[in-house]
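Quick notes on the structure that follows.
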Amino acid sequence: MAPAVAGVIAIVLLAAVASTLAVAGLSPDAVALQAFRIGLQDPDGVLQSWDPTLADPCTWFHIICDANNRVTHIMLGYSNLSGPLSPELAKLDQLRDMMVRASNIQGTIPEEFGNLGNLISLDLSNNSISGPIPASLGKLSALRFLDLSNNDLCGTIPTSGAFQNLPPSSFANNPRLRGPGQQQDDDGC
């Protein structure tokens, strides 16, 4: 099966699962996290506490919530997870910190992440993420820390909005990634 077709099938399945979980009475935050979990391989059982029968994700390991039981932090560093980042995570509208570093996350950064208006810190470093950096991340006015280093990102680093104040180290060790104004090779991005 072609990778593009497999990707479309995976997105359709995730949408179907998200709809089913919403009907099951889970909070919108739990639905978003379960859609992410379903797309992941978890050989070490790091996400075993993410029980879909518990409507409240605030009891799950690696999740921190605010006083209103809304997810504010995802802390999944060094977890040996593999699979894609789910666009459903963009529905976590109170999310302030997402750290999914040093695993084997593949695929692209979802364009929808630009809707995470409360996001202060995003660390996706040391994974296998590919494709361009979505320009939509520039809309994240609260963003103060971004680490996309040590991936396989390509294209040109966006320069608008939140990107204006980020150091070059945020993008280090992405050999196919170019800074603004640099010669762009046809690298298949």
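Key figures for this structure:
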{"item": "Note, ³J(HN,Hα) from phi for segment 46-59, Karplus 6.51, -1.76, 1.60, rounded to Hz, x at Gly and Pro", "result": "4, 9, 5, 7, 7, 7, x, 7, 9, 5, 9, x, 5, 8"}
{"item": "Nonlocal amide H pairs with Cys65, under 5 Å, H built at 1.01 Å", "result": "Thr72"}
{"item": "Relative contact order (percent, whole number), segment 3-178, Cα cutoff 8 Å, 6+ residue spacing", "result": "14 percent"}
{"item": "Residue-wise HN-Hα coupling along segment 166-171, computed from phi with Karplus coefficients 6.51, -1.76, 1.60 (Hz; x: Gly, Pro)", "result": "9, x, x, 4, 4, 10"}
{"item": "Summed residue charge, Cβ within 14 Å of Ser128's Cβ, Lys/Arg positive, Asp/Glu negative", "result": "+1"}
{"item": "Alpha carbon centroid spacing (whole Å) that separates segment 135-153 from segment 104-129", "result": "7 Å"}
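Computed from the coordinates by the stated procedures, all read-outs in this text should not be read as laboratory data. Being a predicted model, the structure only gives us computed values, none of them experimental. So basically every Cβ, Gly included, is an ideal-geometry build from the backbone, and we count neighbours across all protein chains shown.
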